[in-house]
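The values are calculated or read from the model by the stated rules, or taken from the named source; none is laboratory data. Please read these numbers as outputs of a predicted model, since none were measured by experiment. All Cβ positions, even for glycine, are placed from backbone atoms using ideal geometry, and neighbour counts span all protein chains on display.
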Amino acid sequence: MPPSPGRHFCIKIVVISSRMGYPNGIMKPASADIAAVIFLWPFSILYFLIYQLRRAGYRSGLFKTQKSRLPVICVGNLSAGGTGKSPFCIMLAGELSTAGFKPAILSRGYKRADGKGSEITVISDWQKILAAPAESGDEPFLMAQKLLGRAIVLVGKNRARAAEMAAAAGADVVIMDDGFQHWKLSRNLDIVLLDGKRPLGNGWLLPAGRLREPAPALKRADIIIATRSGDHGGCQSIERLVKKYHLSQPVLYCDHRAVRLKPLSDQPMSGAIKPANDNKLLLFSGIARPGSFQNSIKALGYEISDHIIFGDHHSYDRSDLERISRSAGDCDAVITTEKDAVKLPVGWNPGKPLLALEIEIAFHPESGKEKLIETIKEAIR
């Protein structure tokens, strides 16, 4: 049996209080989660030891940190996905472009073709998209698509080399996507995103939980962003974290706001897809938090008939598309996310109107965005 999460043990992965309704950002575990922790906790201890050795290597100078000639803004998190880094990076690059900068986004390109290679792939320049979704990864391709003409996007393991390529292409500031644990490249500012409702998940490091680092690592952050925080309510867990770990950084609150349903196919609609029409909608998605997608659709006033859920970063094959088409038979429209939409075959039609949900980042209060951009400007001067 693993050590009780509510007690101290010889190697502190994360100390979790088991009292008062699982405070401090810890999500109350379901029975299935408990079973997984029982099986996986030894591997989490091994992960923690490797993590500590790696941190010690960078602190001692054994592993070298490289400095880019461009200022680097790092956007990352403590957990493995699900905090909304992609829409945040899109928003941030757009705001910097509006402010007169020429931003470049550097991404690892998770689950892209040849993702294990050392080659840097330029996904977009200032005029056109240069790579397909399979070469890019779904999130970098979506960034390139939405920021075309305002930012460039590069993917690859060697972020320092990618930063040099971005400088050569005319960029004057780098946004390092998912880089909080990428210590090889020096940065001017660390922005850490936390899920406002459950910032630490079940409180365990990988693989028993979703944490990449223990909660005290938040002290390295310059700014903490609480995402999915609604109208600033429901973030008591963030406030408890700040108090528990004596965090002095600014904490800003934002949410993913549903904007509209964007048509993706030429399939004619029998009528407008509107909340008041009692339309039956089929959803499908391959994202880290499918429940958030459902909630966004409901927030627009729509009724959901069914939701086909695939794994995060799922690549759709013929059998998947056939399954979706069969399930769409009694529905009025098929809805997916923008991240999933970029991986669908061009021209694919499920037999019913196909739409993607557009979302944007909304700060609470709105002045939070201004504070963020001003802090970034000061850091990169």
Q: Report the residue count in region 99-119 for those that are within 20 Å of LYS85 (Cβ to Cβ) and either touching a Gly at 6+ places or on another chain (Cβ under 8 Å) or aromatic (Phe, Trp, Tyr) (or both).
A: 9
Q: Please state which one of GLY61, GLY100, GLY109, GLY82 is touching a Lys or Arg at 6+ places or on another chain (Cβ under 6 Å) and not assigned by TED's automatic domain parsing to the domain that holds HIS314.
A: GLY82
Q) List pairs: first in region 128-146 and buried (at least 24 other Cβ atoms within 10 Å of the Cβ) and among the small types (Gly, Ala, Ser), second part of a helix (DSSP H, G or I) and modelled with pLDDT of 95 or more, Cβ under 8 Å, 6+ apart or cross-chain? A) SER136/ALA144
Q | Residues of region 28-45 satisfying the condition of being among the basic types (Lys, Arg) and either modelled with pLDDT of 85 or more or within 10 Å of PRO207 (Cα to Cα) (or both) | A | none
Q | region 329-381 - residue that is among the hydrophobic types (A, V, I, L, M, F, W, C) and in a loop (DSSP other than H, G, I, E, B) and, of those, nearest to the chain's Cα centre (by Cα) | A | VAL342
Q: Pairs only if they're at least six apart or on different chains, beta carbon under 7 angstrom, first in region 61-87 and within 20 Å of ILE359 (Cα to Cα), second of a type in the set (S, T, N, Q) and surrounded by fewer than 18 Cβ atoms within 10 Å (Cβ to Cβ); list them, first residue then second.
A: GLY76/GLN181
Q.
For the condition without any contact (Cβ under 8 Å) to a residue 40 or more places away in the chain and over 30 Å from ALA221 (Cβ atoms), what is the one hit in PRO290, PRO345?
A. PRO345
Q. Quick one: which of SER270, SER292, SER285, SER296 is of a type in the set (Gly, Ala, Ser) and either in the same structural domain as ALA215 (by TED's automatic domain parsing) or at pLDDT 95 or above (or both)?
A. SER285
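Which ones in region 350-370 are buried (at least 16 other Cβ atoms within 10 Å of the Cβ) and more than 17 Å from LYS280 (Cα to Cα)?
GLU358, ILE359, ILE361, ALA362, PHE363, HIS364, GLY368, LYS369
Is there a residue being in contact with a Cys (Cβ under 8 Å, 6 or more places away or on another chain), of a type in the set (Gly, Ala, Ser) and farther than 24 Å from GLY230 by Cα anywhere in region 309-323? Before the answer, list the steps.
Within region 309-323, the first condition is being in contact with a Cys (Cβ under 8 Å, 6 or more places away or on another chain), and the residues that meet it are none.
Scanning region 309-323 turns up no residue that is in contact with a Cys (Cβ under 8 Å, 6 or more places away or on another chain), of a type in the set (Gly, Ala, Ser) and farther than 24 Å from GLY230 by Cα.
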**Q.** Matching residues, region 184-196, being crowded, with 19+ Cβ neighbours inside 10 Å, part of a loop (DSSP other than H, G, I, E, B) and in contact with a Lys or Arg (Cβ under 8 Å, 6 or more places away or on another chain)
**A.** GLY196
Q) So which residues in region 46-71 are surrounded by fewer than 17 Cβ atoms within 10 Å (Cβ to Cβ), of a type outside the set (Lys, Arg) and not in a loop (DSSP other than H, G, I, E, B), if there are any at all? A) LEU46, LEU49, ILE50, GLN52, LEU53, ALA56, GLY57, TYR58, SER60, GLN66
Q) Can you name every residue in region 197-228 that is touching a His at 6+ places or on another chain (Cβ under 9 Å) and either polar (S, T, N, Q) or within 18 Å of MET91 (Cβ to Cβ) (or both)? A) ALA226, THR227, ARG228
Q. Based on what the data block shows, is GLU370 farther than 20 Å from VAL259 by Cα, at pLDDT 95 or above and assigned by TED's automatic domain parsing to the domain that holds TYR110?
A. yes
